Amino acid sequence: MKARIAVLGGDGVGPEVVAEGVRCLQAIAEKFRHDFELLELPFGGVAIDRFGDPLPEETLRACLTADAVLLGAIGGPRWSAPDAKVRPEAGLLRLRRELGVYANLRPVAVHPALVDATTLKPEVVTGVDLVFVRELTGGIYFGEKTRDAERATDVCTYSVAEIERITRVAGRLARARRRKITSIDKSNVLETSRLWREVAERVVRSEFPDVTIEHALVDSTAMHLIRRPRDFDVLLTENMFGDILTDEAAMLAGSLGLLPSASLGDGRRGLYEPIHGSAPDIAGQGIANPYGTILSVALLLRHSLELVDEAAGLETAVARAIDAGARTRDIAAPDARAFTTREAGDAVLAEIEKL
Ligand code: IPM
Ligand code: MG
């Protein structure tokens, strides 16, 4: 098939991990005889430096006309002064909004070889297989903001329609899994959470009677995620709670660098990015973990291009590379030499070759 993919490396380790994602995408294209046109575009802090805008018009236009967008990471100390007028993060939020990708899927699965790489006990993380469905274009990140010398406000709003559509995504996903949704809120305090709980409950009961839904408070869920993570299947959350809990959940897998994400809207077009940030402390050293990005490429193949076998093949290639010991510094075995970003990418390419 033919497809156009916008590639936004961004800042920090973004371009390094995206380079490996792109190599894997090209290898899959070659192996399965597809024709992918890749367009590299400026985005984030580097775009602020060059154009004064984290999401230049040309980049946005290319993303809106592409079949999918692959993104590395954005941000860094250079652009994060408290009084900064433009921020890379604003570009990312705007891109998500413009693409209409309101559903952010963040799967967390524990690779057997990496059970010892986590800070948690092996018996707690073995067999974890869960997925977050994070609402991505609403809530407090998108509400009105004010700031004067004495105070600041961030408004959190959710509409019934926004909660309904994200709950439907969770419902459909649950049907393809263990049919269990845990909806997360802070309904003992927040009005938006009370609405969230009511609407999520109604949608699941009326439209997904074969799926069970339980409701849990965000604070206790933060605890249960590391106490009994195997009990979770689909976790449905509003924007900010999902942002926070997915960084925590990444530690179940062993490293933030391993987790991919897919952001989807009503059509097929999606935005794919690892959940980690730009990691300025290790940028430019070639040691970042590329697997979160490569696994995001697999999600891109599956969700935007509907290339199910190619997606599964790439996931298998990553799993085999990890099995064979291709582990970057963040997940390296105690006495083993850590792989560089490029070497980890090479290991996946070698496995793609063998598929
Ligand atoms: C994430 C990131 C972003 C978010 C930042 C960079 C704006 O933390 O994708 O989890 O908060 O959504
Ligand atoms: Mg985050």
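Tabulated values for the structure
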{"quantity": "Proximal lysines to residue 354, defined as alpha-carbon separation beneath 19 angstrom and excluding residues fewer than eight positions away on the same chain", "calculated": "31"}
{"quantity": "Dipole in debye (nearest 20) - region 167-234, about Cα centre, beta carbon charges: Lys, Arg +1; Asp, Glu -1", "calculated": "320 debye"}
{"quantity": "Kyte-Doolittle mean at least -0.5 and Cα axial length at least 27 Å: DSSP H helices in the chain", "calculated": "none"}
{"quantity": "Separation in nanometres of the label points that stand 7 Å from Cα toward Cβ, at residue 210 and residue 177", "calculated": "1.7 nm"}
{"quantity": "Normalised contact order of the chain, rounded percent, pairs of Cα under 8 Å and 6 or more residues apart", "calculated": "22 percent"}
{"quantity": "Sum of -39500 (n - 2.57) over DSSP H runs of 4+, divided by residues of the chain (222 nm, nearest 500)", "calculated": "-13500 deg cm²/dmol"}
{"quantity": "Potential extension, residue 198-residue 342 segment - 0.36 nm per residue separation minus Cα distance", "calculated": "47.0 nm"}
{"quantity": "Relative packing of peptides 254-265, 21-32 - highest average C-beta neighbours within 10 Å first", "calculated": "254-265, 21-32"}
{"quantity": "Amide H contacts of residue 236 (H built 1.01 Å from N, under 5 Å, at least 5 apart or other chain)", "calculated": "133, 182, 183, 184"}
{"quantity": "Set of lysines with alpha-carbon distance to residue 180 below 16 Å, sequence-local pairs under 8 removed", "calculated": "none"}
{"quantity": "Inter-label distance for residue 154 and residue 281, nm, one decimal - labels placed 7 Å from Cα along Cα-to-Cβ", "calculated": "2.2 nm"}
{"quantity": "Residue 217 paired with residue 51, simple spin-label distance in nm, labels 7 Å along Cα-to-beta-carbon", "calculated": "4.6 nm"}
{"quantity": "Least to most buried among 137, 316 (fewest other Cβ within 10 Å first)", "calculated": "316, 137"}
{"quantity": "Cβ-based exposure ranking for 241, 208, 51, in which fewest neighbours within 10 Å come first", "calculated": "51, 208, 241"}
{"quantity": "Cβ charges +1 (Lys, Arg) and -1 (Asp, Glu), total dipole of the chain, debye", "calculated": "580 debye"}
{"quantity": "Among 155, 119, 213 the positive-end extreme of the charge dipole of region 118-253 (Cβ point charges)", "calculated": "213"}
{"quantity": "Cα shape, the chain, gyration tensor, a/c 1.5 rule", "calculated": "rounded"}
{"quantity": "Region 1-49-region 106-162 distance, computed between alpha-carbon centres (Å)", "calculated": "25 Å"}
{"quantity": "Lysines whose Cα lies under 22 Å from that of residue 85, excluding same-chain neighbours fewer than 8 positions away", "calculated": "145"}
{"quantity": "Within region 118-253: Cβ-based charge dipole about Cα centre, in debye rounded to nearest 20 (Lys, Arg +1; Asp, Glu -1)", "calculated": "540 debye"}
{"quantity": "Cα shape, region 118-253, gyration tensor, a/c 1.5 rule", "calculated": "oblate"}
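A short reminder: the numbers here are calculations on the coordinates, not readings from a lab. Computed from a predicted model, the values in this text were never measured in an experiment. Because the Cβ atoms are built from the backbone with ideal geometry, glycine has one as well, and the counts that use them run over all protein chains shown.
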